[in-house]
């Protein structure tokens, strides 16, 4: 069964999923964060089929999330590295790992701990914060059309159910 495409959706989350929504994609990004750089390393670490790996790496390169480079002149194989756009996925990956530790595996069964390089202490759990730094809950959030909203988005957000707005807010 073919996967649904989100190209026509006027939503940043849907458009992000177009680039990184395949389950192998974030695992490839995770491996790159761990230091994996070569095709054979990705293949070995993930147990992914060569054809799937080739296609997923090509998509990551095409979207500017990874760059493909020759490690040395005259070498026929490539190395893959995260671009700035790829490195910007770090909070997404960390949040997903922390969510999995808490809600899927259980904190006492977390396979990995992410620690600060300087003090070797575990990093804090990620949260959504206000511009002034206080932690926000879903009740604190309101959703409004942004500058890229199309007519369908504007129409949808006129309904309170989509904006999380009580009638008098």
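Listed values, structure above:
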| quantity | calculated |
| --- | --- |
| Over the chain: helical MRE at 222 nm, DSSP H runs n ≥ 4 each giving -39500 (n - 2.57), nearest 500 | -11000 deg cm²/dmol |
| The range 12-88: radius of gyration and largest Cα-Cα distance (Dmax), Å | 12.1, 41 |
| The chain - percent relative contact order, Cα under 8 Å, separation 6 or more | 14 |
| GNM flexibility winner over the chain from 48, 123, 138 (Cα, springs under 10 Å) | 138 |
| Among 38, 137, 54, residue whose mean-square fluctuation peaks in a GNM of the chain (springs only between Cα atoms under 10 Å) | 137 |
| GNM flexibility winner over the chain from 69, 139, 44 (Cα, springs under 10 Å) | 139 |
| Three-way shape call for the chain based on the alpha-carbon gyration tensor, with the a/c threshold at 1.5 | oblate |
| Ranked list, fewest to most other Cβ atoms within 10 Å of each Cβ, for 143, 33 | 143, 33 |
| Residue exposure sequence - 57, 27 - by fewest surrounding Cβ within 10 Å | 27, 57 |
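Bear in mind these aren't lab numbers, they're just calculated from the coordinates by the rules spelled out. Remember, it's a predicted structure, so these values are computed and weren't measured experimentally. Backbone-built Cβ (ideal geometry, glycine too); neighbour counts: all protein chains shown.
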